Amino acid sequence: MGAMTTTSVAVLTLTPDAREVVLSALAGEPDADKLALVVEISGINGRGYAYDLYFQPTAELPDGASVESSEGITVGVPAASVDRLVGARLEVEEGGLVLVNPNAPSAAEINPGVPAELLEAGVEGPIAQRVIAVLEAQVNPSIASHGGRADLVAMDESEKVVYLALSGGCQGCAMSRMTLSQGIETSLREAIPEITGVVDVTDHASGDSPYYAR
């Protein structure tokens, strides 16, 4: 194992209630004094981060992990999660642990299938604004009955390529590609003939009923 980093300023804090929950769980573990509560970011869930919390022997924490010990609890944060968890707070809500994180995923993290330069350009261009108008007036009212929604996340104004994200009932649905190609794309092309392509950048492995495996 490589060196672990012991920080003087906590990456995340635990409220007194959360501390009691963790201590209670630790009490049921063998060799509790050798365990750390690991808190890490496991992915993106919608517009926020998804998290994993679990106990792991402190000696087995990964290289570069931030390690903090206080009042009988050792917390380990893997290096890849440190910057995205700074200032976070573990608290109790309705009897369960909840991680309150002031940090949010960047646009590039949320939409990994979109070129960074297009995300930076935004959706203020003339074609992008026409796409948004069609989505709001025609597409979304149509798919709302299925709990779905389509949003423009990026627009390549030069190549006339549209990047869409589906959410709600469309995300993770086995019919989502048919919805995109036969419904949404058709509506957009009919209203804006110069469009050359429509790209679905939805994370279909997330959502209530994921269809596409990671």
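Data table
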item: Scan of the range 94-109 for residues that are at pLDDT 90 or above and either surrounded by 12 or more Cβ atoms within 10 Å (Cβ to Cβ) or over 20 Å from SER66 (Cα atoms) (or both), ordered by number; result: LEU97, VAL98, LEU99, VAL100, ASN101, ASN103
item: Residue within the range 141-162 that is at pLDDT below 80 and crowded, with 18+ Cβ neighbours inside 10 Å present; result: yes
item: Test result for ASP83, farther than 30 Å from ASP156 by Cα, in contact with a Gly (Cβ under 8 Å, 6 or more places away or on another chain) and of a type in the set (Asp, Glu); result: no
item: Matching helices (runs of 4 or more DSSP H) fully within the range 83-147 where at least 1 residues are hydroxyl-bearing (Ser, Thr, Tyr); result: 140-143
item: Conditions (1) in contact with a strand residue (DSSP E or B) (Cβ under 6 Å, 6 or more places away or on another chain); (2) more than 30 Å from LEU166 (Cβ to Cβ); (3) polar (S, T, N, Q): number failed by SER81; result: (2)
item: Subset tally (residues that are out of contact with any Gly (no Cβ under 9 Å at 6 or more places or on another chain) and over 19 Å from LEU99 (Cα atoms)) for the range 49-80; result: 5
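The values are calculated or read from the model by the stated rules, or taken from the named source; none is laboratory data. Computed from a prediction, not measured in an experiment: that's the story for all the values here. All Cβ positions, even for glycine, are placed from backbone atoms using ideal geometry, and neighbour counts span all protein chains on display.
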